[in-house]
Amino acid sequence: MPETPEAATGATIRIGTWSAGVVRGGQDEVDACQDAVQWAGPNIGTEDGYEMRTVVIVGHDYCGFDLFATLRVGTRVTIGTPRGTWSYTVYAHYVTPGRGAPAAGLYWGDLTLQSCVGPDTGFSYLVRD
């Protein structure tokens with residue numbers, strides 16, 4: 001049975017002292033530059049990278065989401081929703097040539113964060129603690 005998408009409000013991603021709201025959506029929400037956008041995956045907190053059930057959160061670099069692209073290994077990230085708060089740790093990152101490059105096969109782990117970085121697209125890969 002498919003999962004019901006979370007409400008578009010009430011989720012917050014935190015990286016150190018930086019934070020932003022998280023909404024589910026597509027390119028229109030990304031282009032609005034208001035929040036980080038859950039682009040794909042199951043409800044936050046129900047992901048399972050071993051089963052390829054990866055939560056993917058994206059945002060444009062020029063909207064303040066450039067830090068998603070190349071987080072250092074070991075960086076802790078938390079996401080709070082009305083259902084709870086989950087903590088993740090970065091275990092790798094990858095940069096592929098081209099802005100807005102096709103991401104097929106580039107979503108890994110429990111959580112993938114994606115943003116452009118310079119002329120390229122970067123991905124940070126996280127596992128839930």
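The values are calculated or read from the model by the stated rules, or taken from the named source; none is laboratory data. Treat the numbers as computed from the prediction; the structure is a model and nothing was measured. Here the Cβ is made from the backbone with ideal geometry for all residues, glycine too, and neighbour counts use every protein chain on show. Only protein heavy atoms, including side chains, enter the accessible area calculation; ligands, DNA and RNA are left aside. Shrake-Rupley method; radii C 1.70, N 1.55, O 1.52, S 1.80 Å.
Scanning the range 7-30 for residues that are in a helix (DSSP H, G or I) and either open to solvent by 30 Å² or more (accessible area, probe 1.4 Å) or without any contact (Cβ under 8 Å) to a residue 12 or more places away in the chain (or both) gives Q27, D28, E29. Of the residues T85, T70, T81, the single one that is under 21 Å from G21 (Cα atoms) and in contact (Cβ under 8 Å) with a residue 60 or more places away in the chain is T81. One residue stands out in the range 101-129 among those that are of a type in the set (D, E, K, R) and under 18 Å from Y91 (Cβ atoms): the one that is most open to solvent (accessible area, probe 1.4 Å), namely D129.
Note on the range 31-45: residues that are open to solvent by less than 50 Å² (accessible area, probe 1.4 Å), more than 19 Å from I15 (Cα to Cα) and not small (G, A, S) amount to 2.
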